[in-house]
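The next block holds one structure in the form of structure tokens; read it before the comments.
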Amino acid sequence: MKKFITPLLICFGFMARAEEGMLIPSLLSAFESDMQAKGMKLTAADIYSVNKSSLKDAIMHFGGGCTAELVSNKGLLLTNHHCGLSQVQQHSSEKNDYLKNGFWAKTYADELANPGLTATRIVRIDDVTAAMLFGTEGLEDGNKINEIMKRNMKTLIEDATRNTHYRADVQAFDYGNSFYLMVKEVFTDVRLVGAPPSSIGKFGGDTDNWVWPRHTGDFSVFRIYAGADNKPADYNENNKPYEPINFLKVAFNDRKAGDFTMVYGFPGFTEQHLSSGNLKFIVEKQRPMEISMRTKSLSVIDAAMKTSDKTRIQYMAKQARIANAWKKNIGQIDGLKQLGAVDLKVIFEAEYEKRANSKDEWGQYAGLVKTMNQLVADKSNFEFHDVLFYEYLYVGPEYFRLCRALEDIERNYSKYKESGELEKKIENLKKGADGFFKDYDVKVDQQIFDILTKEFSGYLSSNFTIDGLSNPKLSATIYAKSVFVSKEKYLAFLGKFSEKSLAKLAKDPGYAHFKKCWSTWKDKIEPAASEYSYNMTALLKEFVKGKQIMFPDLKQWSDANSTLRVTYGKLEGSAPVDGMAYTEHTTLKGMIDKFNTGNPDFELEARMVDLYKTKNYGKYAQNGELWVCFTGSNHTTGGNSGSPVLDANGNLMGLNFDRSWESTMSDYYFDPKRCRNIVVDIRYVMWVMDIYCGASHLVDEMVLVK
């Protein structure tokens, strides 16, 4: 045993550090004393309460994928530039290039509507585990259990929303060991107020993405509007700025290393409990494939964006979405390998098995690890191909997006026809054509098709082959004849849509190719991948239950699942690489230094250089320097983009927007020595608004505290 003592202490120590974990706000009272010992001046009720206004009422789920925070009594909302990039891009054109030049509304009337964009406030979080499982005691039939739980869920949601304007859903935690009801208030009129030029909002581009030191002004500004009753309402010119229950005050004081920090937001996805075999599969097979597929796409898009302003505007948001996961995955693999995460999993699994065999009442957990790893060995090929087909059909050639909509209509034609939905669906496709083809370049799409189809074909197993992939004329035929690559042909096809159109659809070369791939995925791969996932989830449910019982001294927390969470740590740097130490903050000087390298990702406008030379920092400097970004030891992941980083008093220090490259492994394994979240300092955000962009009226809306 002696040789295992140190690794076990390291392994368990990672889980015991306060910085790790994404805590459910309604359970914060259990961590209140620890948070206060680390410097917090708040109570758990100040952070989350259903009986009074609390910080939670200022935190918004932005568009379902990011976080935003209210910062004024007029519904002013801050989030990341990359979270609002799609909206900025949709409003941009060669005439009004808001991506390049930025956008600032001077009055309410100038603020731009964004159909489909939502901002969601959590009203309350209730533990409904007992209610969800009511009536399932003693049952073994999985279908029967699911049927009962669906009924229980329906009742819970109906009871929670009856006679209110609220919405609700029930989320499973810990693979179904517990369930929580989320009651929500969803605002549907969210308007664009401002965004800095891309030389600030995207400063560093792919070169700096997921990298420290960082100098990106990753923020954008929106406003929530409501009806006359201050409740959510669809867009209407008569709507008024929302008057929030609470909004964040701005921490306008000096910072220093060691300051308490707290991140409040909607982290998307972590998998801390995966077995060693599963993690090994991800590191050695799945992630390399995803990286390779996206490398090919980006090689085409990056080159195309340099050819014209039109193409740059068309593809900037799409490029950012693809590149973000691409570079994260590269860093993730490197971090997991450097840490030896798979080996640490093996060590923990040995201790888990030992404890499971040490008591009769724990015997049900014995053998779980072996079973999980064997399941990976036997069935993970289906998971691999499930991800491969997703990368090709959802992240690859864009015309597939139109095909997916028509595939749904083809498959459900009779049902839609009988219900009267068909005409509405066709009409919606016609309306969506303008937006799609505005940002579509057929030549770029064909190049992506060519390079990705070859890559996709190379990864396919022999039992999942698709006819025609190696046909040298496939690409030329599709992009010359398919209705899906031409706006005129596409609208003409939809304009005369009838049952006869289904036969024409089958003969369309673009759709025919898509359908072969889609059918292979849905018929041969997805069912097996779903079964694999279902079986693994059942095993992980028992594994987690065993961990909670057999390791009571470990800090236990539920994986991120896009629900509201709190994580806390401190403002601090790191030393992730031998011989290298990262300071905890960056300044405008570093931004200018990068600009001077000549790298096009570090392009700046002359105004930024002039303001730096004259040290025109206004009231936003600290000791004569303008802080741009800082790092903290907060456990974050995707979905935390735009999350407020709060100080000991709950005031806004900055906007979380990234992790360091060495930290991206924290989705699977958190290392407190190297994992750091990256934050744009709110003082830099206000400086950009006020001094750089002349939008001081927005700063005036905020409440600054020292």
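The values are calculated or read from the model by the stated rules, or taken from the named source; none is laboratory data. On a predicted model such as this, the values are computed, not experimentally measured, just so you know. Using ideal geometry, Cβ is built from the backbone for each residue, glycine included, and neighbour counts are taken over all protein chains shown.
If the requirement is being modelled with pLDDT under 95, more than 30 Å from the chain's Cα centre (by Cα) and basic (Lys, Arg), which of these qualifies: 504, 516?
Selected residue: 504, the only one of 504, 516 that is modelled with pLDDT under 95, more than 30 Å from the chain's Cα centre (by Cα) and basic (Lys, Arg).
Step by step: first the residues of segment 160-207, then only those that are surrounded by fewer than 22 Cβ atoms within 10 Å (Cβ to Cβ) and among the charged types (D, E, K, R), then the one that is farthest from the chain's Cα centre (by Cα). Which residue is that?
Among those that are surrounded by fewer than 22 Cβ atoms within 10 Å (Cβ to Cβ) and among the charged types (D, E, K, R), it is 162.
I'd like to know if segment 241-260 contains one or more residues that are touching a Lys or Arg at 6+ places or on another chain (Cβ under 6 Å) and among the hydroxyl-bearing types (Ser, Thr, Tyr).
Taking every residue of segment 241-260 in turn, none turns out to be touching a Lys or Arg at 6+ places or on another chain (Cβ under 6 Å) and among the hydroxyl-bearing types (Ser, Thr, Tyr).
Among the listed residues 468, 510, identify the single one that is in a loop (DSSP other than H, G, I, E, B) and either modelled with pLDDT under 95 or touching a helix residue (DSSP H, G or I) at 6+ places or on another chain (Cβ under 6 Å) (or both).
One residue alone meets the criteria, 468.
Looking at (1) at pLDDT below 95; (2) in a helix (DSSP H, G or I); (3) within 30 Å of residue 46 (Cα to Cα), which is the one condition that is false for residue 552?
Of everything listed in (1) at pLDDT below 95; (2) in a helix (DSSP H, G or I); (3) within 30 Å of residue 46 (Cα to Cα), residue 552 misses just condition (2).
Could you list all residues from segment 582-611 that are in a helix (DSSP H, G or I), touching a residue at least 24 places away in the same chain (Cβ under 8 Å) and within 28 Å of residue 258 (Cβ to Cβ)?
Within segment 582-611, 588, 589, 590, 591, 594 meet the criteria.
Take the residues in segment 198-242 that are among the β-branched types (Val, Ile, Thr) and not in a helix (DSSP H, G or I), then tell me which one is nearest to residue 595 (Cα to Cα).
This residue is 216.
Considering each of 488, 526 in turn, give the residue that is under 24 Å from residue 387 (Cα atoms) and assigned to a helix (DSSP H, G or I).
526
Please enumerate the residues belonging to segment 612-637 that are assigned to a strand (DSSP E or B) and either surrounded by fewer than 20 Cβ atoms within 10 Å (Cβ to Cβ) or not assigned by TED's automatic domain parsing to the domain that holds residue 663 (or both).
622, 625, listed by residue number.
Looking only at helices (runs of 4 or more DSSP H) that fall completely inside segment 264-363, which ones have 1 or more residues that are without any contact (Cβ under 8 Å) to a residue 12 or more places away in the chain, of a type in the set (D, E, K, R) and under 30 Å from residue 98 (Cβ atoms)?
Of the helices (runs of 4 or more DSSP H) lying wholly inside segment 264-363, those with at least 1 residues that are without any contact (Cβ under 8 Å) to a residue 12 or more places away in the chain, of a type in the set (D, E, K, R) and under 30 Å from residue 98 (Cβ atoms) span 309-339.
If you go through segment 405-431 one residue at a time, how many are free of Cβ contacts under 8 Å to residues at least 24 places away in the same chain and either within 26 Å of the chain's Cα centre (by Cα) or outside any helix (DSSP H, G or I) (or both)?
Number of matching residues: 3.
Do we find that residue 656 is surrounded by 21 or more Cβ atoms within 10 Å (Cβ to Cβ) and either of a type in the set (D, E, K, R) or part of a strand (DSSP E or B) (or both) in this structure?
Yes: the conditions hold for residue 656.
Right, residue 306: touching a helix residue (DSSP H, G or I) at 6+ places or on another chain (Cβ under 9 Å) and surrounded by fewer than 15 Cβ atoms within 10 Å (Cβ to Cβ) or not?
Yes; evaluated as a whole, the condition is true for this residue.
Free of Cβ contacts under 8 Å to residues at least 24 places away in the same chain and of a type in the set (Gly, Ala, Ser), is that true of residue 380?
no
Within the group 340, 331, which residue is closer than 30 Å to residue 202 by Cβ, assigned by TED's automatic domain parsing to the domain that holds residue 530 and surrounded by fewer than 21 Cβ atoms within 10 Å (Cβ to Cβ)?
Of 340, 331, the one residue that is closer than 30 Å to residue 202 by Cβ, assigned by TED's automatic domain parsing to the domain that holds residue 530 and surrounded by fewer than 21 Cβ atoms within 10 Å (Cβ to Cβ) is 331.
Say we look at segment 669-705 and pick out the residues that are modelled with pLDDT under 95 and in contact with an Asp or Glu (Cβ under 9 Å, 6 or more places away or on another chain); which of these is surrounded by the fewest Cβ atoms within 10 Å (Cβ to Cβ)?
672
Name every residue in segment 638-652 that is surrounded by fewer than 24 Cβ atoms within 10 Å (Cβ to Cβ) and over 20 Å from residue 332 (Cβ atoms), in order of residue number.
If the condition is that a residue be surrounded by fewer than 24 Cβ atoms within 10 Å (Cβ to Cβ) and over 20 Å from residue 332 (Cβ atoms), then 647, 648, 649, 650, 651 are the ones that fit.
Let me confirm something: among 177, 163, 114, which residue is closer than 28 Å to residue 236 by Cβ, in contact with a Lys or Arg (Cβ under 7 Å, 6 or more places away or on another chain) and not aliphatic (A, V, I, L, M)?
From the options 177, 163, 114, the qualifying one is 114.
Pairs needed: first member in segment 190-218, closer than 23 Å to residue 71 by Cβ and among the hydroxyl-bearing types (Ser, Thr, Tyr); second member anywhere, modelled with pLDDT of 95 or more and part of a loop (DSSP other than H, G, I, E, B); C-beta distance under 6 Å; at least 6 residues apart or different chains.
Here the result reads 216/203; 216/204, each pair linking segment 190-218 to a residue that is modelled with pLDDT of 95 or more and part of a loop (DSSP other than H, G, I, E, B).
Out of the residues in segment 470-492 meeting the condition of being free of Cβ contacts under 8 Å to residues at least 12 places away in the same chain and of a type outside the set (Gly, Ala, Ser), tell me which one is farthest from residue 405 (Cα to Cα).
Step by step, filter segment 470-492, then rank; the result is 472.
Return the residue satisfying two criteria in turn: it lies in segment 662-677 and is outside any loop (DSSP other than H, G, I, E, B) and under 16 Å from the mean Cα position of the chain (by Cα), and of such residues it is farthest from residue 328 (Cα to Cα).
Result: 677.
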